[in-house]
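What follows is one structure encoded as C-alpha cells, with my remarks underneath.
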Amino acid sequence: MRRPFARALTVPLAVLVAAAVLPLASSAPAVADEGVIGGSAVKTSDHPWVVALSSRDRFGGMRSGQFCGGVLVARSTVITAAHCMSEEVLGVPRNRVSDLKVIAGRTDLRTTEGVEIPPSSEWINPDYDSRTNSGDVAVLTLSKPLPAGDVLPMAEEGDPAYKAGTKASVYGWGDTTGTGKYPNTLRAAQVQVLADAVCEQAYPGNADGTYMAKTMLCAGELGGGKDACQGDSGGPLVAQGKLVGLVSWGSGCGRPKSPGVYTRVSDVVKVLQQHG
Ligand code: ARG
C-alpha cells in the first residue's frame, strides 16, 4: 500500500486517539512476522542518526506523534521522504501542521528521552512524482544542531555499497506485521541490495509506483519476510556504514517478489547540489 495513512486520516482525530493502540491503522492485508518486518529491537544510542518525525496534533501522543522516519546527514540537516510531507500522509496540507518535530535519541516513543527539535525550514523536492514515486526526498533544517558524532554520511554515486548483494539494514518505528501493528521501540531488519533488473521486473509500473533505477534502489530478501513498512518512510537504509536509501514505497510489506523501494541517496546528493 502506497497510501498508508489516507484511510486512517479520513476519520476525525478524536476517533484516532480513542483507538489509540492503532493510531496509524492501515488497511493493508499482508504477510510476514515481526520487525520493521522481520527485524529486531535496536537502540538509537547505537544508531543516533535515525530520527522520528512527529506531529501529536495529527497522530496523537501515545507514540510521541511518530509518523515517519528521517536521517541526520549533517548536524542541522535531516532528510526524509517527500511523501511524508504530503496531504495524503498528514491528512491536511503541510502548512496546517504546526507542531512538526524531529525527535532524536528516543528509542522508546513512550518516553521523553532525547530531544525534540522543530525544523526552522524545509525543502520538498519539487521533482517528486507521486505517480512513480521518483524523487521522494525532503530536507528539514533543524533549528538547533545535533552532535557531529550523530551524523551518518551519504554514499555517493559509484560507492561499492550500492552493489547488488550488499547487506544493508533498514530502521524504523513502522508497522511490524503489515496489519497496522506499530511498535513503541525502534527496530531494524537486515536486507540485501537487489539488482536494478530485479527491481524493474518487480515494479514495471502499477498503482503503487514504477521502479526507476536513476532515482531509486530496491532491497529485500528474495523470498520476502524482511522489509520496511508503513510508518518507516523517510527512514534510513544503511550499508557499509553509509546511507544508501530512504524508505519510500513497495507493494505490501515483506511479500515475496515485492521488495522495498528506497530513494537512491546518490541521486539525492546530486539533487541537493543542484538546488544548492
Ligand atoms: N510509504 C510507506 C510509508 O509512508 C513506506 C512503505 C515501504 N514499504 C515497503 N514495503 N518497503 O511509511
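Only the coordinates and a few stated rules stand behind these numbers; no lab work does. Small disclaimer: the values here were computed from a predicted structure and weren't measured. Glycine also receives a Cβ, built like all others from the backbone with ideal geometry; neighbour counts cover every protein chain displayed.
In debye, nearest 20: dipole of the chain around its Cα centre with unit charges on the Cβ of K, R (+) and D, E (-)?
So the dipole magnitude of the chain works out to roughly 340 debye.
Would you please put 238-246, 198-206 in order of how densely packed they are, using the mean number of other Cβ atoms within 10 angstrom per residue and starting with the highest? Don't skip to the answer; put the middle values down first.
Numbers: 238-246: 22.1, 198-206: 15.8.
Averaged packing, sorted descending, gives the order 238-246, 198-206.
Report D for the chain in µm² per second (integer): Stokes-Einstein, Kirkwood Rh on Cα pairs, 10 °C, 1.306 mPa s.
The calculation lands on 89 µm²/s.
Please tell me which of these pairs span more than 27 angstrom C-alpha to C-alpha: Lys144/Lys270; Lys167/Lys270; Lys144/Lys226; Lys214/Lys257? Present the calculation step by step, with values, prior to reporting the outcome.
Working: Lys144/Lys270 25 Å; Lys167/Lys270 24 Å; Lys144/Lys226 35 Å; Lys214/Lys257 21 Å.
Where the Cα-Cα span goes over 27 Å, the pairs concerned are Lys144/Lys226.
Find the centroid of the Cα atoms in the stretch 149-225 and in the stretch 58-74, then give the distance between the two in whole Å.
Here the two parts' Cα centres lie 19 Å apart.
Under the definition of Cα pairs under 8 Å and six or more residues apart, what whole-number percent is the relative contact order of the stretch 151-276?
Value for the stretch 151-276: 29 percent.
Using 7 Å Cα-to-Cβ label points, what is the Gln192/Arg75 separation (nm, one decimal)?
Taking the two extended label points, one gets 4.0 nm.
Please list 81-87, 122-128, 189-195, 104-110 highest first by mean number of surrounding beta-carbon atoms within 10 Å per residue.
81-87, 189-195, 104-110, 122-128
Suppose every Lys and Arg Cβ carries +1 and every Asp and Glu Cβ carries -1, with no other charges. What dipole size does the stretch 82-138 come out with about its Cα centre, to the nearest 20 debye?
Computed charge dipole of the stretch 82-138: roughly 140 debye.
What number, in percent, do you get for the relative contact order of the chain if the mean sequence gap of Cα pairs under 8 Å and at least 6 apart is divided by its residue count?
It comes to 25 percent, rounded to a whole number.
What full-extension length gain, to one decimal in nm, is calculated for Asn206 and Glu157 as 0.36 nm per residue of separation minus the Cα-Cα distance?
Roughly 14.9 nm would be gained on extension.
If you take the beta carbon distance between Ser45 and Ser143 as r and set R0 to 30 Å, what does 1/(1 + (r/R0)^6) give as a FRET efficiency, to the nearest 0.05?
The formula returns an efficiency of 0.85 here.
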